[in-house]
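Structure record follows, encoded as C-alpha coordinates.
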Amino acid sequence: MWKKKIAAVLGAAFFTGSLIFSSTASAYIINVGMEDLAAQEKKAADTDKKEMKEKKAVPEKKTEQQKPAAQQSQKAEKKPESKGNTPEMERLQDKKDNASMKASENKTANEPKKRMEEKMATEPKMLKAPAQEKHGNSPKILAQEKSKEASKPAENTSAKKNKGNTKERFQEIFRDNSFIYSMDTQSARYIPIPNRQDKMIDVWVKLIPNTFSDGDTNAGKYYLEHYYINPKTQQIQFLCELEVTGRPSNAIKERSYSSQNWENLVPGSVEDDIYHAVVKKVKSSSGVGGAMSPSVKDMLDDYLNIAI
(Lines give C-alpha, C1' and ligand atoms only; values in the text may rest on other atoms or scores of the structure.)
Protein backbone atom coordinates (compact mmCIF):
# COMPACT_ATOMS: atom_id res chain seq x y z
CA MET A 1 0.00 0.00 0.00
CA TRP A 2 2.73 2.34 0.90
CA LYS A 3 4.49 1.66 -2.41
CA LYS A 4 1.36 2.69 -4.29
CA LYS A 5 1.19 5.87 -2.25
CA ILE A 6 4.83 6.69 -3.02
CA ALA A 7 4.25 6.04 -6.68
CA ALA A 8 1.18 8.23 -6.67
CA VAL A 9 3.10 11.01 -4.90
CA LEU A 10 5.99 10.76 -7.32
CA GLY A 11 3.60 10.79 -10.27
CA ALA A 12 1.85 13.81 -8.95
CA ALA A 13 5.20 15.52 -8.36
CA PHE A 14 6.40 14.68 -11.83
CA PHE A 15 3.18 15.97 -13.31
CA THR A 16 3.44 19.29 -11.49
CA GLY A 17 7.09 19.58 -12.43
CA SER A 18 6.31 18.99 -16.08
CA LEU A 19 3.56 21.59 -15.92
CA ILE A 20 5.92 24.12 -14.38
CA PHE A 21 8.65 23.40 -16.91
CA SER A 22 6.27 23.62 -19.85
CA SER A 23 4.93 26.97 -18.62
CA THR A 24 8.37 28.47 -18.13
CA ALA A 25 9.58 27.11 -21.45
CA SER A 26 6.57 28.50 -23.28
CA ALA A 27 7.07 31.91 -21.61
CA TYR A 28 10.73 31.97 -22.63
CA ILE A 29 9.86 30.96 -26.17
CA ILE A 30 7.25 33.74 -26.35
CA ASN A 31 9.78 36.36 -25.09
CA VAL A 32 12.39 35.26 -27.60
CA GLY A 33 9.86 35.37 -30.41
CA MET A 34 8.73 38.86 -29.47
CA GLU A 35 12.35 40.08 -29.40
CA ASP A 36 12.99 38.61 -32.83
CA LEU A 37 9.90 40.31 -34.21
CA ALA A 38 11.02 43.69 -32.81
CA ALA A 39 14.48 43.26 -34.31
CA GLN A 40 13.06 42.33 -37.68
CA GLU A 41 10.74 45.33 -37.63
CA LYS A 42 13.72 47.66 -36.87
CA LYS A 43 15.71 46.13 -39.70
CA ALA A 44 12.81 46.58 -42.06
CA ALA A 45 12.44 50.23 -41.02
CA ASP A 46 16.16 50.85 -41.49
CA THR A 47 16.15 49.31 -44.91
CA ASP A 48 13.18 51.45 -45.89
CA LYS A 49 14.99 54.61 -44.77
CA LYS A 50 18.12 53.65 -46.69
CA GLU A 51 16.14 53.00 -49.81
CA MET A 52 14.43 56.41 -49.53
CA LYS A 53 17.78 58.13 -49.10
CA GLU A 54 19.25 56.30 -52.05
CA LYS A 55 16.26 57.25 -54.19
CA LYS A 56 16.75 60.94 -53.26
CA ALA A 57 20.52 60.77 -53.90
CA VAL A 58 20.15 59.27 -57.37
CA PRO A 59 18.41 62.33 -58.96
CA GLU A 60 20.98 64.68 -57.41
CA LYS A 61 23.84 62.65 -58.87
CA LYS A 62 22.12 62.64 -62.22
CA THR A 63 21.78 66.43 -62.16
CA GLU A 64 25.46 66.82 -61.16
CA GLN A 65 26.47 64.50 -63.93
CA GLN A 66 24.27 66.43 -66.35
CA LYS A 67 25.92 69.76 -65.46
CA PRO A 68 29.47 68.78 -66.55
CA ALA A 69 27.96 67.24 -69.63
CA ALA A 70 26.19 70.52 -70.45
CA GLN A 71 29.41 72.52 -69.79
CA GLN A 72 31.39 70.20 -71.98
CA SER A 73 28.79 70.54 -74.71
CA GLN A 74 29.00 74.35 -74.45
CA LYS A 75 32.80 74.22 -74.69
CA ALA A 76 32.49 71.93 -77.66
CA GLU A 77 30.11 74.42 -79.30
CA LYS A 78 32.45 77.36 -78.63
CA LYS A 79 35.51 75.61 -80.02
CA PRO A 80 35.18 74.63 -83.64
CA GLU A 81 35.79 70.99 -84.30
CA SER A 82 38.90 70.20 -86.24
CA LYS A 83 39.86 67.04 -88.02
CA GLY A 84 42.98 66.38 -85.99
CA ASN A 85 41.68 67.35 -82.52
CA THR A 86 42.66 64.94 -79.76
CA PRO A 87 42.54 65.06 -75.96
CA GLU A 88 46.23 66.03 -75.88
CA MET A 89 45.60 68.95 -78.15
CA GLU A 90 42.76 70.12 -75.91
CA ARG A 91 45.03 69.95 -72.85
CA LEU A 92 47.70 71.99 -74.62
CA GLN A 93 45.08 74.56 -75.59
CA ASP A 94 43.89 74.82 -71.99
CA LYS A 95 47.45 75.35 -70.79
CA LYS A 96 47.97 78.11 -73.34
CA ASP A 97 44.78 79.82 -72.26
CA ASN A 98 45.83 79.71 -68.62
CA ALA A 99 49.28 81.07 -69.48
CA SER A 100 47.76 83.96 -71.46
CA MET A 101 45.41 84.81 -68.57
CA LYS A 102 48.34 84.90 -66.12
CA ALA A 103 50.40 87.10 -68.45
CA SER A 104 47.56 89.59 -68.83
CA GLU A 105 47.11 89.73 -65.05
CA ASN A 106 50.85 90.37 -64.57
CA LYS A 107 50.75 93.15 -67.17
CA THR A 108 47.83 94.89 -65.47
CA ALA A 109 49.59 94.60 -62.10
CA ASN A 110 52.88 96.02 -63.45
CA GLU A 111 51.34 98.87 -65.46
CA PRO A 112 51.26 101.42 -62.55
CA LYS A 113 54.92 100.70 -61.75
CA LYS A 114 55.94 101.19 -65.37
CA ARG A 115 54.03 104.46 -65.56
CA MET A 116 55.74 105.78 -62.44
CA GLU A 117 59.16 104.80 -63.80
CA GLU A 118 58.42 106.48 -67.11
CA LYS A 119 57.35 109.68 -65.35
CA MET A 120 60.48 109.70 -63.18
CA ALA A 121 62.61 109.20 -66.28
CA THR A 122 60.90 111.90 -68.37
CA GLU A 123 60.61 114.67 -65.72
CA PRO A 124 64.40 115.31 -65.38
CA LYS A 125 64.64 115.46 -69.17
CA MET A 126 61.83 117.98 -69.36
CA LEU A 127 63.53 120.11 -66.71
CA LYS A 128 66.90 119.98 -68.44
CA ALA A 129 65.52 120.72 -71.91
CA PRO A 130 64.44 124.36 -71.22
CA ALA A 131 67.80 125.12 -69.60
CA GLN A 132 69.64 123.75 -72.64
CA GLU A 133 67.39 125.71 -75.00
CA LYS A 134 68.04 128.93 -73.10
CA HIS A 135 71.80 128.66 -72.64
CA GLY A 136 72.69 126.39 -75.52
CA ASN A 137 75.92 124.43 -75.63
CA SER A 138 78.31 127.32 -76.37
CA PRO A 139 80.23 128.82 -73.38
CA LYS A 140 80.48 132.21 -75.18
CA ILE A 141 76.74 132.77 -74.91
CA LEU A 142 76.84 131.95 -71.19
CA ALA A 143 79.70 134.41 -70.65
CA GLN A 144 77.84 137.16 -72.52
CA GLU A 145 74.68 136.59 -70.50
CA LYS A 146 76.64 136.71 -67.25
CA SER A 147 78.33 139.98 -68.27
CA LYS A 148 74.94 141.47 -69.17
CA GLU A 149 73.47 140.41 -65.84
CA ALA A 150 76.46 141.92 -64.00
CA SER A 151 76.16 145.22 -65.88
CA LYS A 152 72.41 145.54 -65.23
CA PRO A 153 72.68 145.92 -61.41
CA ALA A 154 75.35 148.60 -61.83
CA GLU A 155 73.16 150.57 -64.24
CA ASN A 156 70.17 150.22 -61.97
CA THR A 157 72.10 151.39 -58.91
CA SER A 158 73.50 154.43 -60.75
CA ALA A 159 70.05 155.37 -62.03
CA LYS A 160 68.59 154.96 -58.57
CA LYS A 161 71.31 157.18 -57.10
CA ASN A 162 70.65 159.93 -59.63
CA LYS A 163 66.93 159.75 -58.99
CA GLY A 164 67.50 159.75 -55.25
CA ASN A 165 69.71 162.84 -55.48
CA THR A 166 67.11 164.80 -57.46
CA LYS A 167 64.41 163.80 -55.01
CA GLU A 168 66.49 164.57 -51.93
CA ARG A 169 67.53 168.03 -53.09
CA PHE A 170 64.08 169.64 -53.39
CA GLN A 171 61.08 167.89 -51.86
CA GLU A 172 57.56 169.19 -52.28
CA ILE A 173 55.96 170.40 -49.07
CA PHE A 174 52.69 171.84 -50.41
CA ARG A 175 51.09 173.59 -53.42
CA ASP A 176 48.41 176.14 -54.17
CA ASN A 177 46.75 177.53 -57.29
CA SER A 178 49.84 179.53 -58.30
CA PHE A 179 52.98 177.65 -57.20
CA ILE A 180 54.42 174.32 -56.15
CA TYR A 181 56.51 174.81 -52.99
CA SER A 182 59.56 172.57 -52.48
CA MET A 183 62.09 172.65 -49.65
CA ASP A 184 65.85 172.34 -50.20
CA THR A 185 66.68 169.49 -47.82
CA GLN A 186 70.46 169.74 -48.36
CA SER A 187 70.90 173.32 -47.16
CA ALA A 188 68.22 173.28 -44.43
CA ARG A 189 69.79 173.38 -40.96
CA TYR A 190 69.57 174.69 -37.42
CA ILE A 191 71.66 177.75 -36.59
CA PRO A 192 71.91 179.70 -33.32
CA ILE A 193 69.95 182.93 -33.00
CA PRO A 194 72.35 185.81 -32.41
CA ASN A 195 72.45 187.06 -28.83
CA ARG A 196 70.04 184.35 -27.72
CA GLN A 197 70.22 180.77 -26.50
CA ASP A 198 67.60 179.50 -28.94
CA LYS A 199 68.08 178.12 -32.46
CA MET A 200 66.32 178.84 -35.72
CA ILE A 201 65.88 177.00 -39.04
CA ASP A 202 67.78 178.31 -42.08
CA VAL A 203 65.89 177.14 -45.21
CA TRP A 204 65.53 177.81 -48.93
CA VAL A 205 62.15 177.27 -50.61
CA LYS A 206 61.68 176.77 -54.35
CA LEU A 207 58.52 178.11 -55.99
CA ILE A 208 57.62 176.60 -59.38
CA PRO A 209 54.66 178.17 -61.23
CA ASN A 210 52.04 175.57 -62.10
CA THR A 211 50.11 177.70 -64.65
CA PHE A 212 52.54 177.49 -67.58
CA SER A 213 51.10 176.55 -70.96
CA ASP A 214 52.99 174.60 -73.62
CA GLY A 215 53.84 177.69 -75.71
CA ASP A 216 54.66 180.03 -72.79
CA THR A 217 58.02 181.83 -73.08
CA ASN A 218 58.39 181.86 -69.28
CA ALA A 219 58.44 178.07 -69.09
CA GLY A 220 61.40 176.91 -66.99
CA LYS A 221 61.38 179.97 -64.74
CA TYR A 222 61.11 179.54 -60.97
CA TYR A 223 61.77 181.43 -57.73
CA LEU A 224 64.00 180.84 -54.69
CA GLU A 225 63.12 182.37 -51.33
CA HIS A 226 65.34 182.40 -48.24
CA TYR A 227 63.77 182.27 -44.73
CA TYR A 228 64.65 182.09 -41.06
CA ILE A 229 62.10 180.20 -38.95
CA ASN A 230 61.87 180.25 -35.14
CA PRO A 231 59.88 177.18 -33.98
CA LYS A 232 59.80 178.30 -30.36
CA THR A 233 58.11 181.66 -30.97
CA GLN A 234 56.35 180.59 -34.21
CA GLN A 235 57.81 183.47 -36.20
CA ILE A 236 59.30 183.78 -39.69
CA GLN A 237 61.84 186.20 -41.19
CA PHE A 238 62.14 186.82 -44.92
CA LEU A 239 65.70 187.40 -46.25
CA CYS A 240 65.54 187.43 -50.07
CA GLU A 241 63.82 186.25 -53.26
CA LEU A 242 65.53 185.23 -56.51
CA GLU A 243 63.97 184.91 -59.94
CA VAL A 244 65.80 182.10 -61.72
CA THR A 245 65.82 180.84 -65.29
CA GLY A 246 68.13 177.87 -65.69
CA ARG A 247 70.67 177.86 -62.85
CA PRO A 248 70.84 180.51 -60.09
CA SER A 249 73.83 182.83 -59.58
CA ASN A 250 75.69 182.98 -56.28
CA ALA A 251 76.06 186.77 -56.44
CA ILE A 252 72.97 187.81 -54.54
CA LYS A 253 71.98 190.56 -52.18
CA GLU A 254 69.93 189.75 -49.12
CA ARG A 255 69.28 191.56 -45.89
CA SER A 256 71.08 190.46 -42.77
CA TYR A 257 69.48 189.04 -39.64
CA SER A 258 67.68 191.46 -37.37
CA SER A 259 65.54 190.74 -34.34
CA GLN A 260 63.18 193.46 -35.56
CA ASN A 261 62.48 191.59 -38.82
CA TRP A 262 60.65 188.70 -37.16
CA GLU A 263 57.08 188.45 -38.43
CA ASN A 264 54.19 186.84 -36.64
CA LEU A 265 52.18 184.36 -38.67
CA VAL A 266 48.92 185.43 -40.25
CA PRO A 267 46.55 182.44 -40.46
CA GLY A 268 46.00 181.33 -44.05
CA SER A 269 48.87 183.33 -45.49
CA VAL A 270 51.66 181.88 -47.68
CA GLU A 271 54.19 182.46 -44.90
CA ASP A 272 51.96 180.54 -42.47
CA ASP A 273 51.81 177.56 -44.86
CA ILE A 274 55.59 177.69 -45.45
CA TYR A 275 56.30 177.84 -41.71
CA HIS A 276 54.15 174.81 -40.78
CA ALA A 277 55.26 172.73 -43.80
CA VAL A 278 58.99 173.37 -43.15
CA VAL A 279 58.77 172.66 -39.42
CA LYS A 280 56.92 169.41 -40.07
CA LYS A 281 59.44 168.34 -42.72
CA VAL A 282 62.43 169.18 -40.55
CA LYS A 283 61.07 167.22 -37.59
CA SER A 284 60.43 164.14 -39.76
CA SER A 285 63.79 164.37 -41.60
CA SER A 286 67.00 163.06 -40.07
CA GLY A 287 69.28 164.74 -42.65
CA VAL A 288 68.77 168.30 -41.39
CA GLY A 289 71.93 169.72 -39.83
CA GLY A 290 72.17 171.10 -36.33
CA ALA A 291 69.98 170.19 -33.36
CA MET A 292 67.24 171.86 -31.41
CA SER A 293 68.52 170.60 -28.05
CA PRO A 294 71.14 172.88 -26.44
CA SER A 295 74.78 171.77 -26.35
CA VAL A 296 76.93 171.41 -23.20
CA LYS A 297 78.56 174.75 -23.91
CA ASP A 298 75.20 176.49 -24.13
CA MET A 299 74.13 174.90 -20.85
CA LEU A 300 77.33 176.08 -19.12
CA ASP A 301 76.91 179.58 -20.51
CA ASP A 302 73.34 179.72 -19.24
CA TYR A 303 74.44 178.50 -15.82
CA LEU A 304 77.29 181.02 -15.58
CA ASN A 305 75.07 183.89 -16.72
CA ILE A 306 72.51 182.99 -14.09
CA ALA A 307 75.21 182.75 -11.41
CA ILE A 308 76.61 186.14 -12.32
Subset of segment 263-293 [out of contact with any strand residue (DSSP E or B) (no Cβ under 8 Å at 6 or more places or on another chain) and modelled with pLDDT under 65]: G287, S293
Residue identified as open to solvent by less than 30 Å² (accessible area, probe 1.4 Å) and under 21 Å from K281 (Cβ atoms) among N210, N230: N230
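Sort through A38, A70, A103, A76 and tell me the only one that's modelled with pLDDT of 75 or more and open to solvent by less than 100 Å² (accessible area, probe 1.4 Å). Outline the logic, then answer.
Details: A70 fails: modelled with pLDDT of 75 or more; A103 fails: modelled with pLDDT of 75 or more; A76 fails: modelled with pLDDT of 75 or more.
That would be A38, the only listed residue that is modelled with pLDDT of 75 or more and open to solvent by less than 100 Å² (accessible area, probe 1.4 Å).
The values are calculated or read from the model by the stated rules, or taken from the named source; none is laboratory data. Just so it is clear, the model here is predicted, and its values are computed rather than measured. Methodologically, a virtual Cβ is constructed for each residue, glycine included, from the backbone with ideal geometry; neighbour enumeration extends over all protein chains shown. All accessible areas refer to the heavy atoms of the entire protein, side chains included, with ligands and DNA or RNA removed. Shrake-Rupley method; radii C 1.70, N 1.55, O 1.52, S 1.80 Å.
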